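Accompanying notes for the structure given below.
The values are calculated or read from the model by the stated rules, or taken from the named source; none is laboratory data. On a predicted model such as this, the values are computed, not experimentally measured, just so you know. No Cβ is skipped: glycine too gets one built from the backbone with ideal geometry, and neighbour counts run over all protein chains shown.
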2 protein chains.
Amino acid sequence: MKKYFSENEWQIIENGFDPQFHESAESIFSIGNGKMGQRGMFEEQYSGKSLQGSYVAGVYYPDKTRVGWWKNGYPEYFAKVLNSPNWIGMNIEIENECLDLAKVKVSNFKRVLDMQHGLLQRSFHAELSGGKQIAVNVERFVSATHDEIACIRYQITPINFSGKLNWSNYVDGLVKNMDSNYDEIFWDRVAEEAIGNHVAIQVKTKKLDFSVAAGFEIKCFENDQLQEQIAISSKPWVASADWQLQMKQGNTYTVERFVGVVSSLNYSSDSLLKACRKNTQQAVALGYDALRQMQMEYWKNIWSHCDIKIDGDVAAQQGIRFNIFQLSQTYTGVDERLNIGPKGFTGEKYGGSTYWDTEAYCIPFYLGTSDPKIAKQLLNYRFKQLPKAIENASKLGFVKGAALYPMVTMNGEECHNEWEITFEEIHRNGAIAFAIYNYENYTADLSYRAEGGAEVLTGIARFWAQRITWSENKKQYVMLGVTGPNEYENNINNNWYTNYIACWCLKYTSQVLAEWKQSDASAYNAFAAKVEFDEVTELTKWKHIFDNMFFPFDENANVFLQQEGYLDKEQMLASDLKPSERPINQHWSWDRILRSCFIKQADVLQGLFLFENHFDLATLKNNFDFYEPRTVHESSLSPCIHVIQAAKLGYQEKAYELYLRTSRLDLDDYNHEVHEGLHITSMAGTWMAVVMGFGGMRVVDGALSFAPMMPKQWKGFSFTICFKGAVIKVQVKDQNVDLSLVSGNPLTVKLFEEKVQLN
Amino acid sequence: MKKYFSENEWQIIENGFDPQFHESAESIFSIGNGKMGQRGMFEEQYSGKSLQGSYVAGVYYPDKTRVGWWKNGYPEYFAKVLNSPNWIGMNIEIENECLDLAKVKVSNFKRVLDMQHGLLQRSFHAELSGGKQIAVNVERFVSATHDEIACIRYQITPINFSGKLNWSNYVDGLVKNMDSNYDEIFWDRVAEEAIGNHVAIQVKTKKLDFSVAAGFEIKCFENDQLQEQIAISSKPWVASADWQLQMKQGNTYTVERFVGVVSSLNYSSDSLLKACRKNTQQAVALGYDALRQMQMEYWKNIWSHCDIKIDGDVAAQQGIRFNIFQLSQTYTGVDERLNIGPKGFTGEKYGGSTYWDTEAYCIPFYLGTSDPKIAKQLLNYRFKQLPKAIENASKLGFVKGAALYPMVTMNGEECHNEWEITFEEIHRNGAIAFAIYNYENYTADLSYRAEGGAEVLTGIARFWAQRITWSENKKQYVMLGVTGPNEYENNINNNWYTNYIACWCLKYTSQVLAEWKQSDASAYNAFAAKVEFDEVTELTKWKHIFDNMFFPFDENANVFLQQEGYLDKEQMLASDLKPSERPINQHWSWDRILRSCFIKQADVLQGLFLFENHFDLATLKNNFDFYEPRTVHESSLSPCIHVIQAAKLGYQEKAYELYLRTSRLDLDDYNHEVHEGLHITSMAGTWMAVVMGFGGMRVVDGALSFAPMMPKQWKGFSFTICFKGAVIKVQVKDQNVDLSLVSGNPLTVKLFEEKVQLN
């Protein structure tokens, strides 16, 4: 799909309609507001290939899991992101002919995602039978200011004929997940209503009793003249508002649709239809233009603190803005029950909403660009789920409040379905602790400790203290049977990254608890009593572990070993692979991948990224020079980390090459899978690649520093950073770096090792 | 279920009916003839819990596989043993009341498996409403002499009343697998027929087009008087023969059913109903008593060369005979397309028909007890599937004729559905080579080499030569990412057993090819041309591997290491486990099991069993003393190997304890799972436990030896052994061992290291 969309600084533009890219374009043109979202599919009927997807945040389905042989401790279900009522549907019949872009002749097709203003637009000419031509203009948005409201304005102009139009607008609750393990419908019908100008339906999940209601009112116009002859009706699953009329050549016929979508997360099930109606009434009262104006202002404000500007490289500029736009419309931080699914509101693959991506990638983005409240909500999310994390660990046999956060979850329960990930990719627990460290580091706000952070850290530390075992053979502590970030290795012993972050967790938790005891003994004591913290025994054990842990290292190669035995593998480089074999996960058997030395994503290097300040530059260089050539970057989470390190090491070309790959991963569909949805969480990695990579930004021990370097393809770039209540603007142009304080109190930062005072 | 069945030397007896054990009893009372078989369920309707299972050898279904995330190289289907038309069904209505043992009052219930004669018998009294009493006697058998025929004789005597009897006899094709991944029916209806006295149905699998027809004729008697008033009929899926009559108190009413079961393995689909009819007609012509007499004679002959007699220990005697009986009725060696499923005809779990159990356990049994033709058929089976084994390997990325035999198969394609087994439990390839060695060793018949054996060995050797890789780090060859026989470890490096058997395969193949070239150069050359054998390069590579292979060994413990890193695990002994935690696979999470040191089944010790003669007794003792206490024997294949080694090492108590566990595994339901079916293949291990364990029999380099030792619980034991065309009888009583030649040419064997000439 490379270069299917036009390059533009603020817009994604599809010029001309090519059905083979339609599902990919649906993903790219997705819109949302944190509470709901939708792929960029057509409103009118379309009989070509399409993934019709509308999603409501926090509404999921516990699909029966699918494993070869179920074993004790395996999760019993796999939470699926739930395709929800379709609220954009319409059938447009012109002289008894259905408007269907798979069947009519289409010209002047243009679909635009206006990222600056949060609007999705489309226009085209269609030629119907007998040469009848119409012009169509459509705009829709999911309101960011009124998050249970969405609007559509759909306009038809008959160019060279007059004739009958039968325009049926409907909302449909009988929606099927593309991703269903046993090909089941997940919804039950509850009710439909058609009252006055308002139509709506309510459905309920077959399990867990989530309810969703969606409905709308329409306003119809001939040119500017409001029309009244609308017929409303309902049948099982569907409610409709139909407009029948005689079109006159040259006139424009408009339907404005004011949609309300509500769920039982926020209302009782029996008041849902009422809540839906209230939203549509409010939308009608405000009117399309007012809601549109508020939408544009909301996005203007977002960009004022999130934007990254790149001069002289439109592709790079478009890429980074697309990432920031998608992230900002996926999660807004208003609801602590929500999180950031790997595909957001853009597809169904992977299921669940929460991976370690949130802590490792998204939290730095939200910390750097937004009010700390947003990141804090993500921390709260994990605290609320601590009891489930303790339950997860206890199902596996861990005791005494040890907490293992799930690999994938909706409500805190594990729902991934491969033991080699579920039980073994446990470094995620470390990322959750590291996010707390990051939060305190960026904000200097220590409040989370008392609000649950200390409990989260203690649960995690207790897990590590049991999961790490003493090897009488080595006379050191070891961690056996894990999967590191590089998922092309399973069930390995002593993954350096996991061992390292586990020990760091034990140290950091010890330190936080000591500080807290010092600063607020009574709160600390209440906590210790609540979690039955056996201070002396537990702290002593933790220290004995981090003082005596085994870390695999190879003297010859002078690198940390990804795992014990890694060098027994046949050593090859990614450059030895034929292009036709890549990505290897599409061309090689899993057997071959597992036994190869190839690395899916940063693993040792992920550790050197998080803990860069623990090591000298030579160590980073040795390990990067060894591991980068063995890394195939077949995870969207991989290239960004390498960009940051390549930039640090002065490998400018490598940094730029990997940056383009990460920032335009979806726009250029590097992995041939964008039709399944966007890689939302890795978009935060792209932000890190610019800010930490080219901007050289670091936040270490509460101090902010910059060391920018600019790709030679760029003329300049700038971004803003939120730090301890201040907003700092960084502008790089030619050889100059300009730092300025946009808001907040004066502070000192470092630029290339020199202190700079910002006033 | 311990001791639910009465101890008896020749029979399994259930005295009294306890519904909670009914499904287990159905497994125990299974009957078969190699071509078809059936669980021991009731003929008449039974509304309690039951697994109604009838199976036809070689008829299977490619069920859609169930995995978490499908990856390249994963098998696409899982072959299911197929529950087939139920040909025993009857509804018995007495005065409009249905005879259903879950609903009536049952007394004097007795169910007997007469192993000496291959008959299943049942008798009981039932009290119906109003105190009406009947006596019932049933006998059925699956004919061993006419392997498409089965017979039932069902007799009812009203004891204290006269009344109406409506006796409907049916065959039902609408049968559902208990084991179905997506809860589907696997059969399509083809036809039913009701012609003359004959009723039958034909069904066809929804995939692969296997057809099965089953039908019968009945003969009805009042006392000895043949009755004629039978009404036949059919409806979709079902055909029936109904007998309505007025019973008179004290008279006996008998239905003899003559069943034919045929499949498209042996007939064209459109001649199946005819073939079925031909069988039922033949059965009717022979008559029940004649068929029964032939059945008894067949089994008399089987026992004459298979029996093991144990004096003074009825439980042990019953156990070993039950094993021999089940093995003998599961596989008869008449059809090279068939093999020995882990549950035979007794249940559906595990799917597939062929595991490495066949070569590692069953072939020694058939070699030792039967005409070599039977074992040869099992070797032929693998040769016929060599092209599929090469295809399996090539799907994983292996080249040049490398063959990886599947872990589970029906037709040669892999159909197991866990990567850690499918790709990794590759030692099975070694067992298949070892079976060839065993065959030649027991029979002195080298004909299989030229008939395909050399090709099989070469394909296997080529696989090892690619699967083993050079470690530049160790400067030795290594084998990474395997699962050994101990499936409580996955994806380990350098499993000692797998490394050892792989190198043995390379050596043995080199030796066989050299001998063959010597003995028949032209045949050898034709083979070499056919498989494009690059003699110098390949043999040199193989030798370089087996001369430079890494074998993990621990100096301190002085044992071969099950795998690299095994001693980094926390070392515990099985005796440290609480009884409530065992079996650990029912009480521990898979995570905990994988990371524990506990061993599911013989692994290093499996190697020392196969290659005992390569090592001295001290090595066996060191390794046994180390590994046996860590082994939890949660595979049915495990205890028998330990019995043999314990006996060799003089650990008499341990040997006897483990022997009882293996020989009465199903009868006493040690693992609480016998309701799912019997452990057919491990029954061959039980035979080995007696003959190789207590009998001390070995066949090494073509020489036969014995070194009996008798458990103190026994008064004596005896068995016969087939060896190079001779049959040798071994009798042990008190301190005496008596060897005699039953048939065949004189030969020399060793007894306790002394040569004995048998004439």
TODO: Name the one entry in A:Leu386, A:Leu480 that is without any contact (Cβ under 8 Å) to a residue 60 or more places away in the chain and crowded, with 19+ Cβ neighbours inside 10 Å.
DONE: A:Leu480
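So which of A:Gly68, A:Gly48, A:Gly34, A:Gly58 ends up being of a type outside the set (D, E, K, R), at positive phi and assigned to a loop (DSSP other than H, G, I, E, B)?
A:Gly34
So, in segment A:243-257, of the ones that are buried (at least 18 other Cβ atoms within 10 Å of the Cβ) and not hydroxyl-bearing (Ser, Thr, Tyr), which residue ends up nearest to A:Val175 (Cα to Cα)?
If we take residues in segment A:243-257 being buried (at least 18 other Cβ atoms within 10 Å of the Cβ) and not hydroxyl-bearing (Ser, Thr, Tyr), then A:Arg257 is nearest to A:Val175 (Cα to Cα).
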- [ ] Check segment B:6-14 and report whether any residue there is at pLDDT 95 or above, in contact with a Lys or Arg (Cβ under 6 Å, 6 or more places away or on another chain) and at negative phi.
- [x] yes
- [ ] Out of the residues in segment B:442-472 that are free of Cβ contacts under 8 Å to residues at least 40 places away in the same chain and within 14 Å of chain A (Cβ to nearest Cβ), state the one that is farthest from the chain's Cα centre (by Cα).
- [x] B:Glu472
Open item on the list: Can you find a residue that is surrounded by fewer than 19 Cβ atoms within 10 Å (Cβ to Cβ), under 16 Å from the mean Cα position of the chain (by Cα) and not in a helix (DSSP H, G or I) anywhere in segment A:336-348?
Closed with: yes
Task: Among (1) modelled with pLDDT of 95 or more; (2) within 23 Å of B:Asn83 (Cα to Cα); (3) crowded, with 17+ Cβ neighbours inside 10 Å, the one test that B:Arg189 misses - done: (3)
- [ ] For residues that are part of a loop (DSSP other than H, G, I, E, B) and more than 17 Å from B:His22 (Cα to Cα), scanning just segment B:658-705, find the one that is nearest to the chain's Cα centre (by Cα).
- [x] B:His679
- [ ] Within segment A:606-634, work out how many residues are surrounded by fewer than 22 Cβ atoms within 10 Å (Cβ to Cβ), outside any helix (DSSP H, G or I) and in contact (Cβ under 8 Å) with a residue 40 or more places away in the chain.
- [x] 3
TODO: For segment B:661-689, name all the residues that are β-branched (Val, Ile, Thr) and closer than 23 Å to B:Val81 by Cα.
DONE: B:Val674, B:Ile680, B:Thr681
Open item on the list: I'd like to check something: does segment B:331-342 contain any residue that is among the small types (Gly, Ala, Ser) and outside the structural domain of B:Leu637 (by TED's automatic domain parsing)?
Closed with: no
Open item on the list: Can you find, within segment A:52-101, the residue that is farthest from the other protein chains (Cβ to nearest Cβ) among those that are in contact with a helix residue (DSSP H, G or I) (Cβ under 7 Å, 6 or more places away or on another chain) and not acidic (Asp, Glu)?
Closed with: A:Pro75
Task: segment B:737-758 residues that are more than 13 Å from B:Phe723 (Cα to Cα), paired with ones that are exposed (fewer than 13 other Cβ atoms within 10 Å of the Cβ) (beta carbon under 6 Å, 6 or more apart) - done: B:Lys755/B:Thr748; B:Gln757/B:Thr748
Task: Subset of segment B:678-695 (residues that are under 18 Å from B:Pro342 (Cβ atoms) and touching a strand residue (DSSP E or B) at 6+ places or on another chain (Cβ under 9 Å)) - done: B:Trp687
Task: Residue within segment A:685-704 that is more than 30 Å from A:Tyr508 (Cα to Cα) and of a type in the set (D, E, K, R) present - done: no
TODO: Output yes when any residue across segment A:544-566 is farther than 22 Å from A:Ala618 by Cα, of a type in the set (Val, Ile, Thr) and touching a strand residue (DSSP E or B) at 6+ places or on another chain (Cβ under 9 Å), and no when none is.
DONE: yes
Task: From the options A:Ile584, A:Ile599, A:Ile641, A:Ile593, residue that is in contact with a helix residue (DSSP H, G or I) (Cβ under 8 Å, 6 or more places away or on another chain), away from chain B (no Cβ under 14 Å), touching a residue at least 12 places away in the same chain (Cβ under 8 Å) and over 19 Å from A:Gly693 (Cβ atoms) - done: A:Ile599
Open item on the list: Where the second residue is of a type in the set (A, V, I, L, M) and in a loop (DSSP other than H, G, I, E, B) and the first is facing another protein chain (nearest Cβ under 10 Å) and lies in segment B:410-428, which pairs have Cβ atoms under 7 Å and are six or more apart or on separate chains?
Closed with: B:His416/B:Met407; B:His416/B:Val408; B:Asn417/B:Val67; B:Ile421/B:Met407; B:Thr422/B:Met407; B:Ile426/B:Leu404
Task: Check on B:Tyr439, more than 14 Å from every other protein chain (Cβ to nearest Cβ) and either aromatic (Phe, Trp, Tyr) or within 27 Å of the chain's Cα centre (by Cα) (or both) - done: yes
Task: Answer residue from segment A:552-581, given it is more than 10 Å from every other protein chain (Cβ to nearest Cβ) and among the small types (Gly, Ala, Ser) and is nearest to A:Glu359 (Cα to Cα) among those - done: A:Ala574
- [ ] Only residues in segment A:190-209 that are among the basic types (Lys, Arg) count as the first member; pair them with residues that are surrounded by 17 or more Cβ atoms within 10 Å (Cβ to Cβ), Cβ under 6 angstrom, at least 6 apart or cross-chain, and list the lot.
- [x] A:Lys204/A:Val190; A:Lys204/A:Ser211; A:Lys206/A:Phe186; A:Lys207/A:Pro62
Task: Subset of segment B:552-586 that is aliphatic (A, V, I, L, M) and under 26 Å from A:Asn494 (Cβ atoms) - its residue that is surrounded by the most Cβ atoms within 10 Å (Cβ to Cβ) - done: B:Val559
Task: Condition check for A:Tyr298: modelled with pLDDT under 95 and either surrounded by fewer than 24 Cβ atoms within 10 Å (Cβ to Cβ) or part of a loop (DSSP other than H, G, I, E, B) (or both) - done: no
TODO: With a cut-off of at least 3 residues that are among the aromatic types (Phe, Trp, Tyr) and on the phi < 0 side of the Ramachandran plot, name the strands (runs of 3 or more DSSP E) lying wholly within segment A:189-280.
DONE: none
- [ ] Report, by residue number, each residue of segment A:177-186 that is under 15 Å from A:Ser264 (Cβ atoms) and either without any contact (Cβ under 8 Å) to a residue 40 or more places away in the chain or of a type in the set (A, V, I, L, M) (or both).
- [x] none
